[in-house]
Amino acid sequence: MSKKIVVLVSGGGTNLQALIDAEKRGELGEGKITCVIASKADAYALTRAENNGIKTRTLIRKDYQDIASYSIAMRDALLEEEADLIVYAGFMTILDENVCDTFKNKMINVHPALIPAFCGKGFYGLHVHECALEKGVKVSGATVHFVTAECDAGPIILQKAVEVQEGDTPETLQKRIMEQAEWKILPKAVQLFCDGKVEVVGNKTVIK
């Protein structure tokens, strides 16, 4: 029985593309991307989905007065789509417990750093890599973790380290982490989940 994957997006959708490509190669296990939901009407990720025959929906963040009402609308949309797994792929809104409790241990996010470094509220996009370079770290990377109501705090599923090179800018580091880490471990984590290989024990995961 294939698992329905709903991908949440806000922007260009490079991580969505990595998932689409992985599915075409048969690398999402029992998973199938059945819907893409965007928080912005002009998100290029919607075009990527449409180009690949995937259903799209928009749930515009600024149409809702607060996070609570937006989260309830998102929860209802995800229930309508019968989502088995929800993937944040560059989704820029932190949803509250209305969603996180309904889909406990069924929502995953990829973060462009090695959690617990450079994570939490305000750490997204280029800012993560700016902070990593300011700190002078020799390695950074990406983390796939379960989503909880607390930002970047859910159980970690996979991590991959990427070397920081002399002369890196936030942009070059971002690109290398995407190519060498995010686009590899996000599809892998989705595959593991869809094949029933990820178990959450306390705040840790066991890969079976």
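The values are calculated or read from the model by the stated rules, or taken from the named source; none is laboratory data. The structure presented is a predicted model; accordingly, all values stated were derived computationally and were not measured. Glycine also receives a Cβ, built like all others from the backbone with ideal geometry; neighbour counts cover every protein chain displayed. Just so you know, the surface numbers come from the protein's heavy atoms only, side chains and all, with ligands and any DNA or RNA stripped out. Shrake-Rupley method; radii C 1.70, N 1.55, O 1.52, S 1.80 Å.
Computed quantities for the displayed model
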quantity	calculated
Meets criteria (surrounded by fewer than 17 Cβ atoms within 10 Å (Cβ to Cβ), among the hydrophobic types (A, V, I, L, M, F, W, C) and either modelled with pLDDT of 95 or more or out of contact with any Asp or Glu (no Cβ under 8 Å at 6 or more places or on another chain) (or both)) for MET92	yes
Test set (1) farther than 19 Å from LEU95 by Cα; (2) not in a strand (DSSP E or B) - ALA41 fails condition number	(1)
Residue satisfying all of: in the stretch 112-131; among the aliphatic types (A, V, I, L, M) and outside any helix (DSSP H, G or I); surrounded by the fewest Cβ atoms within 10 Å (Cβ to Cβ) among these	ALA117
The stretch 147-160 - residue that is at pLDDT 95 or above and touching a Lys or Arg at 6+ places or on another chain (Cβ under 8 Å) and, of those, farthest from ASN109 (Cα to Cα)	LYS160
Selection status of GLU134, farther than 20 Å from LEU186 by Cβ and either touching a Gly at 6+ places or on another chain (Cβ under 9 Å) or open to solvent by less than 40 Å² (accessible area, probe 1.4 Å) (or both)	no
Positions within the stretch 52-78 being open to solvent by 50 Å² or more (accessible area, probe 1.4 Å) and farther than 22 Å from GLY29 by Cα, in sequence order	ARG57, THR58, ARG61, LYS62, ASP63, TYR64, GLN65, ASP66, ILE67, ILE72, ARG75, ASP76
Where a residue in the stretch 1-23 is over 12 Å from VAL190 (Cα atoms) and its partner, wherever it lies, is polar (S, T, N, Q), with Cβ under 6 Å and at least six apart	SER10/SER39
Residues located in the stretch 72-101, provided they are within 17 Å of the chain's Cα centre (by Cα), touching a residue at least 60 places away in the same chain (Cβ under 8 Å) and not in a helix (DSSP H, G or I)	ALA83, ASP84, LEU85, ILE86, VAL87, TYR88, ALA89, GLY90, PHE91, MET92, THR93
Considering residues of the stretch 102-111 that are closer than 14 Å to ASP84 by Cα and open to solvent by 20 Å² or more (accessible area, probe 1.4 Å) only, the residue farthest from the chain's Cα centre (by Cα)	THR102
Test for GLU50: is it at pLDDT below 95 and over 18 Å from the mean Cα position of the chain (by Cα)	no
